[in-house]
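The values are calculated or read from the model by the stated rules, or taken from the named source; none is laboratory data. Owing to the predicted nature of the structure, the values given are computational and were not obtained by experimental measurement. Reconstructed Cβ throughout: ideal geometry from the backbone, glycine too, with neighbour counts over all protein chains shown. Just the protein is used for accessible areas: all its heavy atoms, side chains included, with ligands, DNA and RNA removed. Shrake-Rupley method; radii C 1.70, N 1.55, O 1.52, S 1.80 Å.
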Amino acid sequence: MNKTLLLQIKALLDEDDKLAALCNTTAFLYENIKDINWIGFYFLKGEELVLGPFQGKIACTHLRLDRGVCAFAYRQKQLIVVNNVHDFKTHIACDAATNSELVVPLIINKEVVGVLDIDSPLLGRFNKDDEQLFEAIGKLISVRLSYK
Ligand code: SME
């Protein structure tokens, strides 16, 4: 696990303004995680997931809860890795370059409040180490989201 990276994220999240903290977190991850073409947040608003801070090409702004990888991670309440998004029936393609995807749910008091979505142009980009890393990153972000 990349402890330095986690400490850097922790420092970025230690910012009074939540939105500013999330913006810098996506920028930092976009620069420091290899072979990704998009990273960003979707937050639960009513009956859909709505786009939050991100880095990469412009993306779908509203996601239904019954379609796509983000919604699947939301419903499962667990980290999802899709090695080939073209094999995932309801995958929503925002950037045609994307071939694999990892989504980590952000959970506060057992409720999913949103997801962090990471896309890669490589097939099978995300391995077990990445899963562990993004689980840890998701936890840090969830803690930050849990207060003002
Ligand atoms: N691929 C996602 C949609 C979000 S974009 O990748 C930024 C999905 O299937 O839920």
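Restricting attention to region 105-126 and to residues that are within 11 Å of the ligand (Cβ to nearest atom) and of a type outside the set (A, V, I, L, M, F, W, C), the residue that is farthest from L140 (Cα to Cα) turns out to be S120. Looking only at region 63-90, residues that are surrounded by fewer than 18 Cβ atoms within 10 Å (Cβ to Cβ), within 12 Å of the ligand (Cβ to nearest atom) and not in a helix (DSSP H, G or I) come to 7 in all. Tell me whether region 94-103 contains one or more residues that are of a type in the set (A, V, I, L, M), surrounded by 15 or more Cβ atoms within 10 Å (Cβ to Cβ) and at pLDDT 95 or above. The answer is yes; a qualifying residue exists. The set of residues from region 91-104 being closer than 19 Å to L29 by Cα, within 11 Å of the ligand (Cβ to nearest atom) and among the β-branched types (V, I, T) comprises T98, V103.
Residue pairs whose Cβ atoms lie under 7 Å apart, sitting 6 or more positions apart in sequence or on different chains, and linking a residue in region 53-77 that is under 14 Å from I39 (Cβ atoms) and of a type in the set (F, W, Y) to a partner that is open to solvent by less than 90 Å² (accessible area, probe 1.4 Å) and more than 6 Å from the ligand (Cβ to nearest atom), are F54/T26; F54/I39; F54/G40; F54/F41. In region 91-101, which residue that is in contact (Cβ under 8 Å) with a residue 24 or more places away in the chain and part of a loop (DSSP other than H, G, I, E, B) is farthest from G138 (Cα to Cα)? If we take residues in region 91-101 being in contact (Cβ under 8 Å) with a residue 24 or more places away in the chain and part of a loop (DSSP other than H, G, I, E, B), then A97 is farthest from G138 (Cα to Cα). Within region 29-44, identify whether any single residue is surrounded by fewer than 17 Cβ atoms within 10 Å (Cβ to Cβ), in contact (Cβ under 8 Å) with a residue 40 or more places away in the chain and out of contact with any strand residue (DSSP E or B) (no Cβ under 7 Å at 6 or more places or on another chain), and answer yes or no. No, region 29-44 contains no residue that is surrounded by fewer than 17 Cβ atoms within 10 Å (Cβ to Cβ), in contact (Cβ under 8 Å) with a residue 40 or more places away in the chain and out of contact with any strand residue (DSSP E or B) (no Cβ under 7 Å at 6 or more places or on another chain). Selection of region 105-148 for residues being small (G, A, S), over 20 Å from N24 (Cα atoms) and open to solvent by 50 Å² or more (accessible area, probe 1.4 Å) yields an empty set.
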